[in-house]
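Trainee: Questions regarding the structure given below will be posed in turn.
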């Protein structure tokens, strides 16, 4: 499934953000700065501890959104967009062609993450592709997985979890 660039980027960023909880890896403004740079967010970004706290507070609502069944996810998307007074606009900046921003550049950073994730989920829900989001198949991990592969076979959040399960399966077969 080929989602648009901005949808894929928003989904990857949201999954990465949610997965910073255990272990806690988003604990400094420097870590937030790295997150911003990795995902190319534009607009207002204050680099403050309160902004970091606002972004961290998004993790649980975004987890609920990204793991919800389709109809429930649609309700959550609508609520998130309503809370932010989102007004979608087509924009072009930098090396990115036309894409959607739904809040102004001066909106708080956490609000932009919330709205961009919700807008990405609009595409996922409309395409009936919620099965591309899930929880890692490793029993000891609860990180999220975004499967953008053609064959929809991604089950683990990382190679660490995939390797751990492959080794366990191998040992089980050998015994």
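Trainee: Scan the range 4-25 residue by residue and report those that are under 13 Å from residue 133 (Cβ atoms) and over 14 Å from the mean Cα position of the chain (by Cα).
Mentor: none
Trainee: May I pose another question? Consider the range 64-90. How many of its residues are in contact with a strand residue (DSSP E or B) (Cβ under 7 Å, 6 or more places away or on another chain) and either modelled with pLDDT of 95 or more or under 28 Å from residue 136 (Cβ atoms) (or both)?
Mentor: Result for the range 64-90: 2.
Trainee: Another question, if that's okay. Just need a number here: residues in the range 140-155 that are farther than 29 Å from residue 78 by Cα and surrounded by 12 or more Cβ atoms within 10 Å (Cβ to Cβ).
Mentor: First, pick out the residues of the range 140-155 that are farther than 29 Å from residue 78 by Cα: 140-141, 151, 153.
With surrounded by 12 or more Cβ atoms within 10 Å (Cβ to Cβ) added as a condition, the list becomes 141.
Adding up the residues that qualify gives 1.
Trainee: Next up: Taking the range 110-128 as the region of interest, how many residues are surrounded by fewer than 21 Cβ atoms within 10 Å (Cβ to Cβ), touching a helix residue (DSSP H, G or I) at 6+ places or on another chain (Cβ under 8 Å) and either closer than 14 Å to residue 42 by Cβ or touching a residue at least 60 places away in the same chain (Cβ under 8 Å) (or both)? Explain how you work it out, then say what you get.
Mentor: Just the residues of the range 110-128 that are surrounded by fewer than 21 Cβ atoms within 10 Å (Cβ to Cβ), to begin with: 110, 122-123, 125-128.
Now drop any that are not touching a helix residue (DSSP H, G or I) at 6+ places or on another chain (Cβ under 8 Å), which leaves 110, 122-123, 125, 128.
This time we only want the ones that are either closer than 14 Å to residue 42 by Cβ or touching a residue at least 60 places away in the same chain (Cβ under 8 Å) (or both), so: 123.
Number of matching residues: 1.
Trainee: What is the one condition in (1) surrounded by fewer than 18 Cβ atoms within 10 Å (Cβ to Cβ); (2) under 17 Å from the mean Cα position of the chain (by Cα); (3) outside any strand (DSSP E or B); (4) at pLDDT 95 or above that residue 137 does not satisfy?
Mentor: For residue 137, the exception is condition (2).
Trainee: Name every residue in the range 1-12 that is in a helix (DSSP H, G or I) and more than 20 Å from residue 106 (Cβ to Cβ), in order of residue number.
Mentor: Looking only at the range 1-12, we keep the residues that are in a helix (DSSP H, G or I), and these are 5-12.
Listed by number, the residues that qualify are 5, 7, 8, 9, 11, 12.
Trainee: For the range 47-63, name all the residues that are surrounded by 13 or more Cβ atoms within 10 Å (Cβ to Cβ) and in contact with a helix residue (DSSP H, G or I) (Cβ under 8 Å, 6 or more places away or on another chain). If you could, list the steps in order and put the result at the bottom.
Mentor: Residues of the range 47-63 surrounded by 13 or more Cβ atoms within 10 Å (Cβ to Cβ): 51-52, 54-56, 58-59, 61-63.
51, 52, 54, 55, 58, 59, 61, 62, 63, listed by residue number.
Trainee: Condition test on residue 104, is it over 20 Å from residue 148 (Cβ atoms) and in contact with a strand residue (DSSP E or B) (Cβ under 9 Å, 6 or more places away or on another chain)? Give the derivation first.
Mentor: Values: over 20 Å from residue 148 (Cβ atoms): yes; in contact with a strand residue (DSSP E or B) (Cβ under 9 Å, 6 or more places away or on another chain): yes.
Yes, satisfied.
Trainee: Go through the range 23-33 and give me each residue that's in a helix (DSSP H, G or I) and surrounded by 13 or more Cβ atoms within 10 Å (Cβ to Cβ). Show your work before the answer.
Mentor: As a first pass, look at the range 23-33 and keep what is in a helix (DSSP H, G or I): 29-33.
Passing the criteria: 29, 31, 32, 33.
The values are calculated or read from the model by the stated rules, or taken from the named source; none is laboratory data. Just so you know, these numbers come straight off a predicted model, no measurement behind them. Positions of Cβ are generated from backbone atoms using ideal geometry, with glycine treated the same way; all protein chains shown enter the neighbour counts.
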